Amino acid sequence: MYKKMVAANGLFYPILGFASCVAFLYMSFGDFKLSYHQGPELAFVTRNGTQFMVEGRPFYINGWNSFWLMDHSAEDDRKPRVSAMLQAGAKMGLTVCRTWAFNDGDYNALQVSPGKFDEGVFQALDYVIAEAGRHGVRLLLSLVNNLKAYGGKTQYVKWAWEEGIGLSSSNDSFFFDPTIKRYFKNYVKTILTRKNTITGIVYMNDPTIFAWELMNEPRCITDPSGDTLQEWIEEMSAFVKSIDNNHLLTVGLEGFYGPKNPKRLTVNPEEWASNLGSDFIRNSKVPDIDFASVHIYPDHWIQNQGLEEKLTFVYKWMQSHIEDGHYELNKPVFFTEYGFSNLNKDFRPDHRDRFYKTVLDVIYKSAKRKRAGAGALVWQLFVEEMEEFNDDFGIVPWERPSTYRFLTEQSCKLARIQGDPRPNQYFKDLCLRRE
């Protein structure tokens, strides 16, 4: 019996050791996907008329832009900044981050050429989405740029032109060239049907994604009537919804009124704004567009005016669009970028604070009245040691106590209106400290 036990034990311990090793590897790596489900349980954001909704409650948004998340996630030495930024946003009670889900033919390109993707960069986007979910932050993901940065529509036109099948070398051929539209649809389908290598969730089934944005700041200046851009929005929004009906969809507009809109002269910043081929009302009325987007950049849009005049414009600009959402569109109006440049003549940090407070107060008052002002995203937030990626709008919010206070107080004020859904693990402590 003793010899049998020794023999058995001699066999048992190596097996036990092997099993322990397998269990350790599984817990460390095989169960890696499950570790990303340990964040707060997120539900899809829906809409009911002019209100965003989460599980039957109104959802008012205080959030931010960090367009650089995927790009940084693609490089090991910069990747920690992604988690740091998402965690910092969550600790401030910020619930939505807007970021790029594109990089076309540029450095760290996601789409290297039409239909060809860099799997390493795609895994970087997987990581961004997984980390956001882990911290209870939802993402507004933009699908292409009107500007040249990160490729944009210019790169799509260049690809078609280089292959000898492009109809025109004009950047605006992005909106009407059949080949280019096919390139973009293939890109969109690839993104929507991507299975996250970390969470195992297909993007179109992931509630961490708040919504899709067709394009960042679309303009079609070669057709100021707006017909070309309107047709593109109608076609592409229907295409997105034919694949993914779980998520909300927006255009990505700056909010300018078109030449046929009577508000163009009274609300637009200047005459040029009505000749860009976009029209806030017409574009946002498209049936497959769920909410309207607006940007706010008074110092870039208005010349030779002082701070008080700019703040008056901001108030009027926001109120006009909120009224449109309520009376014209019956859709939420989401101010997806607002920023104040530090390159202004006589700029002072307290000027930026006053601008932020103006924007946030309008949103809060709209939310209290259950109007269409659904939220705002500051452009843009960074963590420390990112000066080389900054523009004249970026801030590290905790470096200026007044700015940090404005943003965090807004999070708590909106949470109280919507019944405090406790969207992340930091929210309770943050807001209890302010009561």
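Below is a table of values for the structure above.
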quantity: Filter result (part of a helix (DSSP H, G or I) and under 21 Å from the mean Cα position of the chain (by Cα)) within the range 363-381; calculated: ILE363, TYR364, ALA367
quantity: One residue from THR228, THR222 being closer than 26 Å to SER173 by Cβ, touching a Cys at 6+ places or on another chain (Cβ under 8 Å), surrounded by fewer than 22 Cβ atoms within 10 Å (Cβ to Cβ) and touching a residue at least 40 places away in the same chain (Cβ under 8 Å); calculated: THR228
quantity: Residue among ASP350, ASP290 that alone is free of Cβ contacts under 8 Å to residues at least 60 places away in the same chain, open to solvent by 10 Å² or more (accessible area, probe 1.4 Å) and more than 20 Å from TRP64 (Cβ to Cβ); calculated: ASP350
quantity: Per-region count, the range 308-332, residues farther than 14 Å from GLY255 by Cβ and in contact with a Pro (Cβ under 9 Å, 6 or more places away or on another chain); calculated: 3
quantity: Residue match in the range 273-280 (condition: surrounded by fewer than 22 Cβ atoms within 10 Å (Cβ to Cβ), hydroxyl-bearing (Ser, Thr, Tyr) and within 25 Å of ALA238 (Cα to Cα)); calculated: no
quantity: Of all residues making up the range 239-250, the number that are in a loop (DSSP other than H, G, I, E, B) and touching a Ser or Thr at 6+ places or on another chain (Cβ under 6 Å); calculated: 0
quantity: Residue selected from the range 308-322 under the condition of a type outside the set (A, V, I, L, M) and in contact (Cβ under 8 Å) with a residue 24 or more places away in the chain, by the criterion most open to solvent (accessible area, probe 1.4 Å); calculated: TYR315
quantity: Counted residues, the range 72-126 - those being closer than 15 Å to VAL383 by Cα, in contact with a strand residue (DSSP E or B) (Cβ under 9 Å, 6 or more places away or on another chain) and open to solvent by 10 Å² or more (accessible area, probe 1.4 Å); calculated: 1
quantity: Test for PHE335: is it open to solvent by less than 90 Å² (accessible area, probe 1.4 Å), among the hydrophobic types (A, V, I, L, M, F, W, C) and either touching an Asp or Glu at 6+ places or on another chain (Cβ under 7 Å) or assigned to a strand (DSSP E or B) (or both); calculated: yes
quantity: Members of the range 180-219 that are over 27 Å from PHE52 (Cβ atoms), among the aliphatic types (A, V, I, L, M) and either open to solvent by 50 Å² or more (accessible area, probe 1.4 Å) or under 15 Å from the mean Cα position of the chain (by Cα) (or both); calculated: none
quantity: Checking ALA376 against (1) more than 16 Å from ILE61 (Cβ to Cβ); (2) crowded, with 21+ Cβ neighbours inside 10 Å, the condition it does not meet; calculated: (1)
quantity: Any pair with Cβ under 9 angstrom, 6 or more apart, that starts in the range 102-123 at a residue that is touching a residue at least 60 places away in the same chain (Cβ under 8 Å) and closer than 21 Å to GLU213 by Cα and ends at one that is surrounded by 16 or more Cβ atoms within 10 Å (Cβ to Cβ) and acidic (Asp, Glu); calculated: GLN111/ASP104
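The values are calculated or read from the model by the stated rules, or taken from the named source; none is laboratory data. The shown structure was predicted, so the numbers you read here are calculated from the model rather than taken from an experiment. Methodologically, a virtual Cβ is constructed for each residue, glycine included, from the backbone with ideal geometry; neighbour enumeration extends over all protein chains shown. Protein only, heavy atoms only, side chains kept; ligands, DNA and RNA dropped before computing areas. Shrake-Rupley method; radii C 1.70, N 1.55, O 1.52, S 1.80 Å.
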